[in-house]
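Asker: Mind having a look at this structure? Questions to follow.
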Amino acid sequence: MESELKRFRNSPNSEELTRRSSFPDEVIERVLSLFKSHKDRSAVSLVCKDWYNAERWSRTHVFIGNCYSVSPEIVARRFPNIRSVTLKGKPRFSDFNLVPLNWGADIHAWLVVFADECPFLEELRLKRMTISDESLEFLSVSFPNFKSLSLLSCDGFSTNGLSAIATHCKNLIELDIQENGIDDRGGSWLSCFPESFTLLEVLNFANLTSDINFDVLERLVSRCKSLRVLKVNQSISLEQLPRLLVHAPQLTELGTGSFSQQLTFPQYEELESAFSSCNNIHTLSGLWDVKAIYLPALYSACTNLTFLNLSYAALQGGELAKLLRHCPRLQRLWVMDTVEDKGLEAVGLNCPLLEELRVFPLDPYDEEIAHGVTEAGFIAVSCFCPRLHYVLYFCRQMTNAAVATVVQNCPNFTHFRLCIMNPRQPDCTTGEPMDEAFGAVVKTCTKLQRLSVSGLLTDLTFEYIGKYAKNLETLSVAFAGSSDWGMQCVLEGCPKLRKLEIRDCPFGNKALLSGLEKYESMRSLWMSACNVTMNGCRLLARVMPRLNVEVMKEDGSDDSQADKVYVYRSVAGPRRDAPPSVQTL
Amino acid sequence: MEGGLCLLGGSGGGGGGSSGVSTNESAVSSEATSYAAESELELGLALSLGGGGGGGGRAKASTAWGECGRILTAKDFPSVVSNRTNGVPSSAAAVSGIKRTADSVTHEGGSPTAVSQVVGWPPIRAYRMNSLKAPRAEEEKEMSEKDKSNEALKRKICNVNKTNCGVNEKGHLGFVKVNVDGVAIGRKVDLNAHACYETLAQALEDMFFRNPSAINPVGPGAEKEQATKHSRLLDGSSEFVLTYEDKEGDWMLVGDVPWGMFLSSVRRLRIMRTSEANGLAPGLHGRNDRQRTKPI
């Protein structure tokens, strides 16, 4: 504290001296410590040098949306007291295998710097980063206060890395492993938690497929009295689940294991009884291979449920309806399209407080049997759920009229992600492009922050977006547009645009270069399988030196084509860890 | 020759977060597109189609997953033509159902009207695709390390595509699709979990014609979705029969051939009404849940 105050007083600006004397440092600090949001803090730091310093010394959590936008040295130097770091690495399309292997986003360099400069680091949350077992081991021994590890959509590690974490992190309270490309070598990592270890509050290993030692898990759960989030993997059976629940009635988030074992009646009763003592659950997930006849066992725990994740449970419409009757307070629902429109009607009827709906396809490549959900289901939900503001909807057919109706019913969309699974598919009743659908979305939903478009779309869609989507921050486009004009409309019209990801669209250099000034105010731009050439990218790189322009070429493609382009602003300069397939211009 | 769209094509969601993506795609692409579009048209019903065809690279890929037949429908002949000016020749795109060429592995070439053709589309995380289709880890324990990595790779490849890939080499992916007439949603059953027709039929009955005797009072909400009780599917006494499509695309009654032979030739199962199963002849019956085109 003393040293921090000294820094203020040594500021050479005399004007500030006078101002400061009427505004004690302690007050500034106190006030600034209340700012949690990184956006607010960034704003604060720009006010004046004093505030910049006050802010940097008091910041405990750093959010870095693109790990290459800044170097670990810069971060550690500016924020010496950070306890928590959130990092995002690869472009989002890496989730869909569009990014080459070994692209980068390796956390190790960051860990090395932090181990030196910020050894009191407690929390690390990574998304789409590469992390090796060696890095995990390094992490576990370098940060004595380490408490929280969350890995989402990461890769490069195995369960051996988890063993290191369990073994060495004496203060661990959170281990959250979600949807990663993990090399699962077995469940012995769980046994690495010492018998004396009791601090765990969050344990999520739903990602893993191997069996774990159930006795070890049961003992761990029973001695960690503060455990509030437990998400187990499929290896945990319905028979075993009650034995965990009885030890943890305080759980607020539960991810079950497999929900399909053949139970005897006493076992079923035990399951039902275990759930009835869990009065605090607000989030429920898992339910792998669910057998609907066992769902009633859950009912008593559903009263306070606000988030139900059935995205791995292939329920049918009627089964979902029965379950939802017991979930009146539901705010977020993720389902599979096996529930069909009938299931979505039930959603509307039973969940008036719904704010978020995600519908995932069971089998997106199957055009034969599964009908999934249609425009009718979408309308049904919108009719009865006026608070709906987040939707992710995978379907095989949609109409302009339906989307217009939906947004009329629910004008408050902030996130509208519609995926008509067949590329370039027109309105299924009129045969027209889906331009008017997205036009309706942007005209009506003035708070829209995120938009994903699909279906047959001309430049008109993008004209609408540019003209109306004034709060849009993230736009995802695939197989759409007619000419450069479309992309230009967006770049010129959307003042808050931060992330633009485009694939398989007829946008070329003219479109790319129309956004020259824009890209520095954005986090990143991705364009793949468009009409951009190497020369266009070189020109961009030349004119805008503070942008990193990375091109990934594919085997056998034309030398002049820039197959995949990733453009992002950076204060760290071009990166040095790019693989041969990635060229920085 | 492979039939239609159902197999290869986009490895969207295929190799997990970090592994095997390029290997996937090269295996996929070795399935050369040189088998002619014309022959599909001539045959009308593009049911598969014995050996031959394809390029030399087929051998590698075809062990990874079997062939499957598919009846071309109106959807296969796109009316919407892409205006993309990608370098990839668009002649291949004129008839959809053509796999991408070896060159265009990761090019989204031509006018993809079929979801399965495009890399990374629909935008669903690789993790999700693998979780929904992969068998549980215990099944892997029986395999050696090498088998495991092969199996994992093959599973990823299978996951990528229509999974009519009841690849039945020992220890490899044995999931096949099962459809019941009158039920929109199909399920998948793991053939490797069974050693004989009896257990398979039992499992299918449990799956589709729920047997409530396992749990007595599940509460007032318990219901039997199928009003009729179904006796065994195999003995002909039920209203339904169990049939399967073999690797030649013919629909056969289950139970006629030895189990091992069945395993090696089954591609998918269908529980159809006995009334419709009369005179099961190759290619003429079955699958009336899909549109069919009968050209020429």
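The values are calculated or read from the model by the stated rules, or taken from the named source; none is laboratory data. All figures in this text were calculated on a predicted structure; none of them were measured in a lab. Cβ placement follows ideal geometry from the backbone for every residue including glycine, while neighbour counts extend to all protein chains displayed.
Asker: Can you name the condition, by its number, that A:L310 falls short on among (1) closer than 21 Å to A:E239 by Cβ; (2) modelled with pLDDT of 95 or more; (3) not hydroxyl-bearing (S, T, Y)?
Answerer: (1)
Asker: May I ask you to say which residue of A:V543, A:V532, A:V549 is within 22 Å of A:Y68 (Cα to Cα), β-branched (V, I, T) and surrounded by 22 or more Cβ atoms within 10 Å (Cβ to Cβ)?
Answerer: On the way: A:V543 fails: surrounded by 22 or more Cβ atoms within 10 Å (Cβ to Cβ); A:V532 fails: within 22 Å of A:Y68 (Cα to Cα).
The conditions single out A:V549.
Asker: How do the pairs read when you match residues in segment A:87-105 that are on the phi > 0 side of the Ramachandran plot with residues anywhere that are small (G, A, S), using Cβ under 7 Å and keeping only pairs 6 or more apart or on different chains?
Answerer: Short answer, once both residue conditions are applied: A:N97/B:S11; A:N97/B:G12; A:N97/B:G14; A:N97/B:G15; A:N97/B:G120; A:N97/B:A126; A:G104/A:A578; A:A105/A:G89.
Asker: How many residues are surrounded by fewer than 20 Cβ atoms within 10 Å (Cβ to Cβ) and small (G, A, S) when one looks only at segment A:77-94?
Answerer: Within segment A:77-94, residues that are surrounded by fewer than 20 Cβ atoms within 10 Å (Cβ to Cβ) and small (G, A, S) number 1.
Asker: Scan segment A:194-223 for residues that are within 28 Å of the chain's Cα centre (by Cα) and either within 14 Å of chain B (Cβ to nearest Cβ) or in a loop (DSSP other than H, G, I, E, B) (or both) and jot them down.
Answerer: A:L199, A:L200, A:E201, A:N204, A:F205, A:A206, A:N207, A:L208, A:T209, A:S210, A:D211, A:I212
Asker: Could you tell me whether A:W110 is on the phi < 0 side of the Ramachandran plot, in contact (Cβ under 8 Å) with a residue 12 or more places away in the chain and in contact with a helix residue (DSSP H, G or I) (Cβ under 6 Å, 6 or more places away or on another chain)?
Answerer: Details: on the phi < 0 side of the Ramachandran plot: yes; in contact (Cβ under 8 Å) with a residue 12 or more places away in the chain: yes; in contact with a helix residue (DSSP H, G or I) (Cβ under 6 Å, 6 or more places away or on another chain): yes.
When the stated conditions are applied, A:W110 passes them.
Asker: So, one more: Condition first: part of a helix (DSSP H, G or I) and either β-branched (V, I, T) or within 14 Å of another protein chain (Cβ to nearest Cβ) (or both). Now tell me which residues in segment A:83-130 satisfy that.
Answerer: First, pick out the residues of segment A:83-130 that are part of a helix (DSSP H, G or I): A:92-96, A:108-117.
Correct list: A:R92, A:F93, A:S94, A:D95, A:F96, A:V112, A:V113.
Asker: Of the conditions (1) surrounded by 19 or more Cβ atoms within 10 Å (Cβ to Cβ); (2) under 17 Å from the mean Cα position of the chain (by Cα), A:L139 fails just one. Which one is it?
Answerer: The number of the failed condition is (2).
Asker: Condition test on A:L298, is it more than 14 Å from A:P242 (Cα to Cα), under 28 Å from the mean Cα position of the chain (by Cα) and either surrounded by 21 or more Cβ atoms within 10 Å (Cβ to Cβ) or among the small types (G, A, S) (or both)?
Answerer: Details: more than 14 Å from A:P242 (Cα to Cα): no; under 28 Å from the mean Cα position of the chain (by Cα): yes; either surrounded by 21 or more Cβ atoms within 10 Å (Cβ to Cβ) or among the small types (G, A, S) (or both): yes.
No: the conditions fail for A:L298.
Asker: Same structure, new question: Among the residues of segment A:552-562, is there at least one that is away from chain B (no Cβ under 14 Å) and either of a type in the set (A, V, I, L, M) or touching a Ser or Thr at 6+ places or on another chain (Cβ under 7 Å) (or both)? Full working, then the answer.
Answerer: Step one: filter segment A:552-562 for residues away from chain B (no Cβ under 14 Å), giving none.
Looking through segment A:552-562, none of the residues is away from chain B (no Cβ under 14 Å) and either of a type in the set (A, V, I, L, M) or touching a Ser or Thr at 6+ places or on another chain (Cβ under 7 Å) (or both).
Asker: Within segment A:29-58, can you find the residues that are surrounded by 13 or more Cβ atoms within 10 Å (Cβ to Cβ) and among the β-branched types (V, I, T)? Don't jump to the end; show me each part of the working.
Answerer: Narrowing segment A:29-58 to residues surrounded by 13 or more Cβ atoms within 10 Å (Cβ to Cβ): A:29, A:31-33, A:35, A:38, A:40-45, A:48-58.
Across segment A:29-58, the qualifying residues are A:V31, A:V44.
Asker: Shifting gears a bit: For segment A:184-200, give me each residue that is surrounded by fewer than 18 Cβ atoms within 10 Å (Cβ to Cβ) and among the acidic types (D, E).
Answerer: A:E195
Asker: Can you tell me which residues in segment A:569-585 are over 14 Å from A:S71 (Cβ atoms) and either touching a strand residue (DSSP E or B) at 6+ places or on another chain (Cβ under 7 Å) or of a type in the set (D, E) (or both)? Full working, then the answer.
Answerer: Taking segment A:569-585 and keeping what is over 14 Å from A:S71 (Cβ atoms), we get A:578-585.
The answer is A:A578, A:S581, A:V582, A:Q583, A:T584, A:L585.
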